[in-house]
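Derivation of every value follows stated rules applied to the coordinates shown; laboratory data play no part. The structure presented is a predicted model; accordingly, all values stated were derived computationally and were not measured. Positions of Cβ are generated from backbone atoms using ideal geometry, with glycine treated the same way; all protein chains shown enter the neighbour counts.
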Amino acid sequence: MSKRSFPSCAVLHCGIDVSAATLAVAVQPEGSDDFQQREFANSAAGHKQLIAWLLKRGASVRVSLEATGIYSLDVAMALDRADGIAVAVLNPRTVHQFAESLRRSKSDAADAVALAEYSRRMPFVAWVRPSGAALELRAISRHIATLTEEQARWKNRLHAAAGSGSTPRCVREDLRRSITGLEKRLLRLRREAKAAIAKDAGLAARFKHLTGITGIGEVSAVQLLGELAGLAPEMTVRQWVAQSGLDPVHQTSGTSVHKRPRISRRGNRHLRRALYMPALSAARFDPHMKAFYTLLLTRQKTRMQALIAVARKLLHAIFGIFKTGSEYDGAKLFPLLIPTS
């Protein structure tokens, strides 16, 4: 069913700064310089109140909000389901740069106003809601990542306990039981993730392509697909890189300021983390990635800088195979590099 629309001349621009508990909202009617601001609970009841407040003016509403993970997802989906409301879910870096250009103070209310102005001034690109299968996979994959980190912490504690003569045997045994329990939970969740992928033909095809890339095993493929499946299909590869927070930031000014470039880290930290181990493996075992990594080291890049560049190249490769449905070919990604033996 298509959404009910209002006359094109009546547009209400809205910005929402999302936090775990609250939504700071600012609205600016078309042709007005004034903002009206309210705060709502970030809950199902709060979302209903927000929608009613936005629609009572009888105008089409354009909402801009930042992608802040699970906190922004529920409100974005509630707004997307409402007639007369279009939603844009923006990369935090894009919003940050726009807000800095306005020279506004940093607060939830100021951020909401900046988002409302973004909605009015910038080209509006409506958010495409991810499929149910993509959302299910992302939830499972992120829980797997959390448990994997927890498992690493328990293993470190066991290693320290085993090396200390003052640690009682009962503590060491309890640590081992905790690690075994986590391993069983992780196995079960990975089976659930693969079952969710198998139910969706598109996800299954992408999963197969991912595991065909040197350096990406099934565990990493689940993590990557969980983060990539929900991205809008019209996004460019540069937007993918920005979404991951792997886009480089250069800091130069005249002849006095020449700081070492760094990555923005303003994107999806889950995607960035999911790319780390595949990049590490690809730099060792994929001949084309290894040649690229080695070349960067000869150009005086640090190992971490070179590894981040490999991660970006991997993201480019994944983007290409998702768009074309073709298999990974390192020679196409690095046409001017001769793989080292």
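Summary of computed values
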item	result
Principal-axis tilt of helix 70-81 within the chain, Cα atoms, nearest 10 degrees	40
Among Gly267, Gly245, Gly84, residue whose mean-square fluctuation peaks in a GNM of the chain (springs only between Cα atoms under 10 Å)	Gly84
Using alpha-carbon coordinates, inclination of helix 44-55 to the longest axis of the chain, degrees	40
For the chain, calculated [θ]222 nm from helices alone, where every DSSP H run of n ≥ 4 adds -39500 (n - 2.57)	-18500 deg cm²/dmol
Length released on extending from Thr211 to Glu30, taking residue separation times 0.36 nm less the Cα-Cα span	60.2 nm
Cα gyration tensor shape for region 11-121, rounded if a/c is under 1.5, else prolate or oblate	oblate
Order of Thr148, Thr302 - criterion: other Cβ atoms within 10 Å of each residue's Cβ, fewest first	Thr302, Thr148
Contour minus Cα-Cα distance for Leu280 and Met122 (0.36 nm per residue)	53.1 nm
Loop-exposed GluC sites (Glu not before Pro) per DSSP, neighbour cap 16 Cβ within 10 angstrom, longest uninterrupted part of the chain	31-233
Length-normalised contact order of the chain in % [C-alpha pairs under 8 Å, at least 6 apart]	13
Simple Cβ-charge dipole of the chain, Lys/Arg +1 and Asp/Glu -1, about Cα centre, in debye nearest 20	1120
Residues Cys170, Cys14 arranged by fewest to most Cβ contacts within 10 Å	Cys170, Cys14
Trypsin sites (Lys or Arg not before Pro) within region 143-210, DSSP loop, no more than 13 other Cβ atoms inside 10 Å	Lys199
Cα→Cβ-extended label distance, 7 Å offset, between Ala45 and Arg185, nm	3.1
Nitroxide proxy distance, nm - points 7 Å out along Cα→Cβ at Ser101 and Arg157	4.9
Listed residue pairs exceeding 20 Å between alpha carbons, taken from Lys194/Lys332; Lys155/Lys290; Lys184/Lys208; Lys155/Lys184	Lys194/Lys332; Lys155/Lys290; Lys184/Lys208
